[in-house]
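Enquirer: Below are the structure tokens for one structure; questions will follow.
The values are calculated or read from the model by the stated rules, or taken from the named source; none is laboratory data. Quick caveat: nothing in here was measured; it's all calculated off a predicted structure. Cβ sites come from the backbone with ideal geometry, for glycine too, and all protein chains shown count toward neighbours. With ligands, DNA and RNA removed, areas are computed over all heavy atoms of the protein, side chains included. Shrake-Rupley method; radii C 1.70, N 1.55, O 1.52, S 1.80 Å.
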Amino acid sequence: MSIDWITVAAQIANFLVLVWLLKRFLYRPILDGIDAREAKITNRMQEAVLAKEKAQAAEQLHLDQVRALNAKQADMADAVQQEAETQRDALLADARNRLEQEQAAWVAHQDEESRKYAVKLQRAGGGALLSLTRKALTDLADETLEGRIAQHLAKGIAPMVADLRIAAGKSNSAVITSRDVLPPSAKDDLMSSLQTVFPDVSVQFETDVDQPPGLVLRIGGAQLDWTVDGYIDSLGDLMDEQLAAGVDLKVVPK
Amino acid sequence: MFEVWDIPINATIFYTWIVMALLTVASLLITRNLRPDVPPNRWRTMLEVIVQGIQSQIEEVAPGPSRHLLYYVGTLFLFVAMSNLLLVVPGFEPPTASLSTTTALALSVLIAVPLFGITSQGLGGYLKTYLQPSFIMLPFNIISEFSRGISLAIRLYGNIMSGAVIAAILLSVAPFFFPVVMDVLGLLTGVIQAYIFAILATVYISSATAPPKPSQPEKEIP
């Protein structure tokens, strides 16, 4: 147990050298490495926080965009629905107008057809009635309708002579037109009656298929219609009166 | 033991160099490839655990970061611990079993205490501590300062030397059993002595340095 002061000095120097060596090769690299790793971890944590914030911001942005898209979609759907309703209303109005026009046209067409049918019915009825009358006159009285009309006209001229002379003026020809050729007896009767009243007037007989049954006498500017046209025209009025009176038009089977 | 350039090198210095070489080469080999892009291996992790353990022990005694204190006290601990652990190597004579080495370490602590104190508080501030709590205490403070170093040196030397002496005695009494038990016990006491030496050095140095400023002002007690 003795102290060698040279050894003590050498050991102090050795210890100081060892402090420097360990500082150089142990403490500083290790502590710097730990500090670097801590700094790296801190940076990574900060980056993670930033990335998380960025992700949250992106998520919020995405949610906002989705929300905006949904709102835009809803607006577009409303606009489309409104436009569709407008177009539907317009199409309905157009269809309604066309339908009304078609209905009006159909009603007009029906009225026209009805009118035509009524006219046709009236003419057919008149024609049938005329045929029946002719047939009845021929079968029952051995007379023709035109012959009887001519005889009756010959008798009926006398009361209208004054008016006929005024209307005829100074004309010296008379024309009697009929739809069918008059029997000779009827012509003679008419001729004698007219020459009795108008001795200077020559009489001619003509036929006109478009003329209604009966006779038409023209002298100068005067015209005397002696036809069944007025009766046939009144046939429609009679039928309307019968229908209005509630006559049953049902055909009763025999 | 031998001479280098006519300078006699005794066993204490030689084995001290061996310990220094072991510590330096091991540190150099482990930390040579230390880069941020290289993941730490188990050796590096071991060194980190040792260094951080020393740092945490220092901070428990002397709060506040001080790398210089770590360099000094850590080297003290590693040197003493490594010297004591190499006791189990046949033929190795631990340098700490020499009173010259322990005296040198105690003197280095004795010198380090005022150096750290002056660095921390300035020369005036440090010298004022010898007058605390009263100028009458000046001689007692000086005696206390020297007795610290002497106690450190004698404690370390006594523990390591006693272990070696006891092992030698037991070896002569029971050559095959007791030395093994004493060597195992010597490993434990060697590490404990290194820890105690380093902690006492830290306590002495921290008592000479200024207390760290509180990070937050203390609340007033109503």
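Enquirer: Relative contact order for the range A:143-244: what percent, with Cα pairs under 8 Å and sequence separation of 6 or more?
Expert: 33 percent
Enquirer: Then there's this: If the chain between residue A:196 and residue A:208 were fully stretched, how many nm would it gain, using 0.36 nm times the residue separation less the Cα-Cα distance?
Expert: That works out to 1.7 nm of additional length.
Enquirer: Further question: Report, as an integer, the average count of C-beta atoms from other chains found within 10 Å of each Cβ along B:26-33.
Expert: 4
Enquirer: Give me the 1.4 Å probe accessible area per residue for the protein assembly as shown, excluding ligands and nucleic acids, in Å².
Expert: That works out to 65 Å² for each residue.
Enquirer: So how do A:150-157, A:7-14 stack up, highest first, on mean other-Cβ count within 10 Å?
Expert: A:7-14, A:150-157
Enquirer: Need one value for B:78-85: mean number of C-beta atoms belonging to other chains within 10 Å of its residues' C-beta atoms.
Expert: Mean shielding count: 1.
Enquirer: Give the average, rounded to an integer, of partner chain Cβ atoms located within 10 angstrom of each Cβ in B:9-18.
Expert: The per-residue average across the peptide is 3.
Enquirer: I'd like the antiparallel share, as a percent to the nearest 5, of DSSP beta bridges with both residues in the protein assembly as shown.
Expert: 70 percent
Enquirer: If you don't mind, another one. Lys and Arg at +1, Asp and Glu at -1: add these up for the other residues within a Cβ distance under 12 Å of residue A:151 and post the number.
Expert: Summing Lys/Arg as +1 and Asp/Glu as -1 gives -1.
Enquirer: Determine the share of chain A's accessible area contributed by carbon and sulfur atoms, expressed in whole percent, with a 1.4 angstrom probe.
Expert: So the carbon and sulfur contribution to the accessible surface is 57 percent.
Enquirer: A follow-up question, please. Which length gain, in nm to one decimal place, applies between residue A:123 and residue A:155 when the Cα-Cα distance is subtracted from 0.36 nm times their residue separation?
Expert: 8.6 nm
Enquirer: How would you rank B:75-88, A:231-244, highest first, on the average number of other Cβ atoms within 10 Å across their residues?
Expert: B:75-88, A:231-244
Enquirer: Another question, then. List the pair-distance distribution P(r) of chain A, using every Cα-Cα distance, as the percent of pairs falling in each 10 Å bin from 0 up to the bin containing the longest distance, rounded to whole percents.
Expert: Calculated over all Cα pairs of chain A, the distribution is 5, 13, 12, 9, 7, 5, 5, 4, 4, 4, 4, 4, 4, 4, 3, 3, 3, 2, 2, 1, 0 percent.
Enquirer: Considering only A:58, A:79, A:168, give the residue with the highest GNM mean-square fluctuation for chain A, with springs between Cα atoms whenever their separation is below 10 Å.
Expert: A:58
Enquirer: In addition: Residue A:52: net charge of surrounding residues, Cβ under 13 Å, Lys/Arg +1, Asp/Glu -1, itself excluded?
Expert: Here the charged neighbours net out to -1.
Enquirer: Can you work out ³J(HN,Hα) from phi for every residue in the range A:13-18, in order, using Karplus 6.51 cos²θ - 1.76 cosθ + 1.60 and θ = phi - 60°, giving whole Hz and x for Gly and Pro?
Expert: 5, 4, 5, 5, 5, 5
Enquirer: Might you report the magnitude of the Cβ-based charge dipole of the protein assembly as shown about its Cα centre, with Lys and Arg at +1 and Asp and Glu at -1, to the nearest 20 debye?
Expert: Computed about the Cα centre, the dipole is about 3540 debye.
Enquirer: Let me ask you something else. Return a whole-number percent for the relative contact order of chain A, with Cα pairs under 8 Å and 6 or more residues apart as the contact set.
Expert: The normalised contact order for chain A reaches 15 percent.
Enquirer: Also, I was wondering about something else. Sorted by average packing, counted as other Cβ atoms within 10 angstrom per residue and highest first, what order do A:212-222, B:17-27 take?
Expert: Ranked by mean Cβ neighbours within 10 Å, highest first: A:212-222, B:17-27.
Enquirer: For the protein assembly as shown, restrict the atom set to alpha-carbon positions and state the Rg and Dmax in Å.
Expert: Answer for the protein assembly as shown, Rg first and Dmax second: 75.1, 204 Å.
Enquirer: Net charge near residue A:233, counting Lys/Arg +1 and Asp/Glu -1 over other residues with Cβ under 13 Å of its Cβ?
Expert: -3
Enquirer: I need the Kirkwood Rh of the range A:76-211: take the reciprocal of the average 1/r across all distinct C-alpha pairs and report it in angstrom.
Expert: Result for the range A:76-211, one decimal place: 20.7 Å.
Enquirer: Could you check which residue among B:177, B:146, B:92 shows the biggest mean-square fluctuation in a GNM of chain B with a 10 Å Cα cutoff?
Expert: Of the options given, B:177 has the highest mean-square fluctuation.
Enquirer: Of all alpha-carbon pairs in the range A:143-244, indicate the percentage at a distance above 17 angstrom.
Expert: Counting pairs separated by more than 17 Å, the tail of P(r) holds 52 percent.
Enquirer: Å³ per residue of the Cα convex hull, for the range A:105-182?
Expert: So the per-residue Cα hull volume is 167 Å³.
Enquirer: Mind checking which of B:94, B:39, B:139 has the largest fluctuation in a GNM of chain B, springs on alpha carbons under 10 Å?
Expert: B:39
Enquirer: Another question about this same structure. Using only protein heavy atoms and a 1.4 Å probe, how much accessible area in total is buried between A and B, to the nearest 100 Å²?
Expert: 3300 Å²
Enquirer: Then there is this: List the longest stretch of chain B that has no exposed loop site; here a site is one of the GluC sites (Glu not before Pro) assigned by DSSP to anything other than H, G, I, E or B, with at most 14 other Cβ within 10 Å.
Expert: B:1-217
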